[in-house]
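All of the numbers you see were taken from the coordinates with simple rules; none came from a lab. As the structure is a computational prediction, the values presented were derived from the model and not from experiment. Here the Cβ is made from the backbone with ideal geometry for all residues, glycine too, and neighbour counts use every protein chain on show.
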Amino acid sequence: MLTELQRAHGRIELFTGPATHEAPGALQAIAREIQWRQIVCTSRAALEDIAISRWDDPRDVSSHTATTPADRFFVGIALKPTRAILTRDSRVIFDGIMPAGTLYVSAPSRQLSVQFLAPCAFLHLHISAEQFPTRWSQGAAEGLDDLILLRDPLAAGLAKALTEQGDAAGHEFAHCIGQILAMHLTRPELPRAKVNALPKWRLRRVQQHIAAHFERSISLSELANVAGLSRMHFAAQFRAATGYRPREYLLNHRIEHAQSLLTTTPRPLAEIALAVGFSTQAHFSTVFKRISGQTPARWRAGARNERSDAEAQSRCRRSWDSDRFAETAA
């Protein structure tokens, strides 16, 4: 389950803005990527000790593989929520939802494969090993390899500062951001202990329970019982597996179902609010706007316009194909 979650409760909101654009006669502070983690060769950023690039992919499903250069660390920061599976040597190192602000690192000479199961936007930093303390850059890369931090506040703030400024930030500003991030990653107090994610079979049971009963009140204790764990252990493991608190997940599931009803039925908003588990239309509208960024009415209008445009394009395409077939037959 993944909806537009940039404004979800407890979520770090990042400015995704338009992708970095080419400025005539100017060098880009944030380089374009021709493929995942591959910077356009003509960009000066590809030659700097701290190169910054951006990857935007609107597709629902995409797969990529890349190897970090021998002299660099790779750092990715999610600009919006996405679902991803990270794999190294046939070993899954992450499988779940990456909220906005998620940070992950690959050490030099490491190959990493990813499958995105939702549209994504990432800020990528390619940082020379020389920017890290000697204890990290010479033979101890394992300390940062495969490091994944959900909702890293500092990384999120740095990413927001860069994306808001874009090319106007300048290379010196972007370089300083990269240096700060390198120092942040090697802080000894940086939390590296990982909470075990909820096993997939337990997670599946919880997700099925939520899907079957989302229209009524579901307590944390009820979900913990379904998973067969204590409330404390369940909440921590559920968040590690999904990137959400249980309450957040439930609300997003309700909004996702509401969006389906808004798109496919003419039912009034008050009726839809009750159908997906909200006691009042006002509460429904507040949560809906927080998660999707729009009111239910505006979202429904936009969805209808998109569907009308898609149908019109489909009709034009069928008409064009029919005319072309007739010409060929003649």
Along principal axes, Cα extents of the range 200-302, largest first, whole Å | 42, 21, 21
In nm, to one decimal, how far is the Asp89 label point from the Ala270 one, both placed 7 Å along Cα→Cβ?
-> 6.2 nm
Separation of the range 263-293 and the range 212-238 by C-alpha centroid, Å?
-> 23 Å
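Within a Cβ distance under 10 Å of Ser53, other residues only, what is the Lys/Arg minus Asp/Glu net charge?
Neighbour charge sum, excluding Ser53 itself: +2.
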Length added when fully stretched, Arg216-Ser279, from 0.36 nm per residue minus Cα-Cα = 21.7 nm
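May I ask you to derive the FRET efficiency for Arg307 and Ser230 from their Cβ-Cβ distance with R0 = 35 Å, giving the value to the nearest 0.05?
On the way: r = 46 Å, r/R0 = 1.30.
The calculated FRET efficiency here is 0.15.
If R₀ is 22 angstrom, what is the calculated FRET efficiency for the pair Ala161 and Lys289, using the beta carbon separation as r and rounding to 0.05?
On the way: r = 26 Å, r/R0 = 1.18.
FRET efficiency, Ala161 to Lys289: 0.25.
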Residue by residue, what Karplus-based ³J(HN,Hα) values in Hz, rounded to whole numbers, does the range 89-100 have, using 6.51, -1.76 and 1.60 with θ = phi - 60° and x for Gly and Pro?
-> 6, 6, 10, 6, 9, 7, 8, x, 8, 9, x, 4
Return the sequence-ordered ³J(HN,Hα) values of the range 199-207 in whole Hz as given by the Karplus equation 6.51 cos²θ - 1.76 cosθ + 1.60 applied to θ = phi - 60°, using x for Gly and Pro.
-> x, 4, 5, 5, 4, 4, 4, 5, 4
Rough spin-label spacing in nm, given labels placed 7 Å along Cα→Cβ, for Leu154 and Arg187 = 0.3 nm
